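Report on the structure given below.
The values are calculated or read from the model by the stated rules, or taken from the named source; none is laboratory data. Worth saying up front: this structure is predicted, and the values here are computed from it rather than measured. Note: ideal-geometry Cβ built from the backbone for every residue, glycine included; neighbour counts use all protein chains shown.
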């Protein structure tokens with residue numbers, strides 16, 4: 001099985017732009033007393049998760065990205081955990097709820113509105129599912145367009161699978177921080193995936209060891225190409 005990373009097609013015709021964000025999220029982390037790292041990550045997004053049943057005072061805290069102490073992050077994790085999918089990673093900066101805001105321009109059938117998040121037009125998602133692509137979960141967005149022929153975009157909520165192969169990791173990589181769990185890892189170049197950790201399905205997922213990387217298997221890629229769906233390019237990843 002081959003695996004690929006996705007890139008937004010740089011062709012000038014794809015002018016689509018979203019000024020949008022998710023409704024809720026875990027706040028950032030204040031600098032850790034042990035490793036001194038803090039802030040918030042990208043790539044952990046659960047747009048199908050509805051937190052509206054939580055008490056108003058909790059929703060207020062989940063609507064403010066300002067950094068908070070580690071104990072508050074840990075508490076908020078447990079507040080949202082019953083509402084998120086099994087196996088979800090809940091790190092500072094994890095986002096929940098529908099993408100909402102405004103949009104302009106032309107979008108392909110698939111669109112990486114940022115490098116770590118993927119939207120599909122509704123008809124593209126339906127065609128992929130009808131063609132047998134497995135594990136696709138599209139979440140309705142709340143995007144307003146000033147046009148009569150606005151696309152209906154759904155944001156993909158993706159499971160986390162897979163690890164980087166040790167051959168592409170630096171030999172002096174530090175172990176995770178014992179206090180906050182921060183991993184001192186930047187995306188390697190080149191990327192090499194560990195074959196033993198890659199799933200037979202779903203056909204589209206995020207890399208667990210680096211959630212900003214969206215990975216598609218060859219079933220997904222071949223189906224997109226056969227259906228002539230546009231908007232993204234695929235680049236094969238090395239697997240060992």
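Overview of values
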| read-out | value |
| --- | --- |
| Where a residue in segment 221-240 is in contact (Cβ under 8 Å) with a residue 40 or more places away in the chain and on the phi > 0 side of the Ramachandran plot and its partner, wherever it lies, is part of a loop (DSSP other than H, G, I, E, B) and surrounded by 11 or more Cβ atoms within 10 Å (Cβ to Cβ), with Cβ under 8 Å and at least six apart | 231/9; 231/14; 231/107; 231/108; 231/109 |
| Residue check for residue 188: over 27 Å from residue 47 (Cα atoms) and touching a strand residue (DSSP E or B) at 6+ places or on another chain (Cβ under 9 Å) | yes |
| Residue selected from segment 222-240 under the condition in contact with a helix residue (DSSP H, G or I) (Cβ under 7 Å, 6 or more places away or on another chain) and over 21 Å from residue 151 (Cα atoms), by the criterion surrounded by the fewest Cβ atoms within 10 Å (Cβ to Cβ) | 240 |
| Residues located in segment 55-71, provided they are more than 10 Å from residue 26 (Cα to Cα) and out of contact with any strand residue (DSSP E or B) (no Cβ under 9 Å at 6 or more places or on another chain) | 55, 56, 57, 58, 60, 71 |
| Per-region count, segment 201-240, residues assigned to a loop (DSSP other than H, G, I, E, B) and under 14 Å from residue 109 (Cα atoms) | 5 |
| Residues within segment 183-200 that are surrounded by 14 or more Cβ atoms within 10 Å (Cβ to Cβ) and in a loop (DSSP other than H, G, I, E, B), tallied | 7 |
| Flag if residue 125 is in contact (Cβ under 8 Å) with a residue 60 or more places away in the chain and under 19 Å from residue 203 (Cβ atoms) | no |
| Test: residue 51 is closer than 26 Å to residue 156 by Cα, surrounded by fewer than 17 Cβ atoms within 10 Å (Cβ to Cβ) and modelled with pLDDT of 95 or more | no |
| Qualifying positions in segment 169-221 - over 29 Å from residue 33 (Cα atoms) and touching a helix residue (DSSP H, G or I) at 6+ places or on another chain (Cβ under 6 Å) | 192, 203, 204 |
| Residue within segment 117-129 that is assigned to a loop (DSSP other than H, G, I, E, B) and more than 22 Å from residue 144 (Cβ to Cβ) present | no |
| Unmet requirement for residue 24, which otherwise passes all of (1) closer than 18 Å to residue 85 by Cα; (2) outside any loop (DSSP other than H, G, I, E, B); (3) out of contact with any strand residue (DSSP E or B) (no Cβ under 9 Å at 6 or more places or on another chain) | (3) |
| Test: residue in segment 63-75 that is touching a residue at least 60 places away in the same chain (Cβ under 8 Å), in a helix (DSSP H, G or I) and closer than 20 Å to residue 178 by Cα | yes |
| Residue check for residue 103: assigned to a loop (DSSP other than H, G, I, E, B), more than 30 Å from residue 183 (Cβ to Cβ) and either touching a strand residue (DSSP E or B) at 6+ places or on another chain (Cβ under 7 Å) or touching a residue at least 40 places away in the same chain (Cβ under 8 Å) (or both) | no |
| Count - residues of segment 150-182 that are in contact with a strand residue (DSSP E or B) (Cβ under 8 Å, 6 or more places away or on another chain), over 23 Å from residue 114 (Cα atoms) and part of a loop (DSSP other than H, G, I, E, B) | 2 |
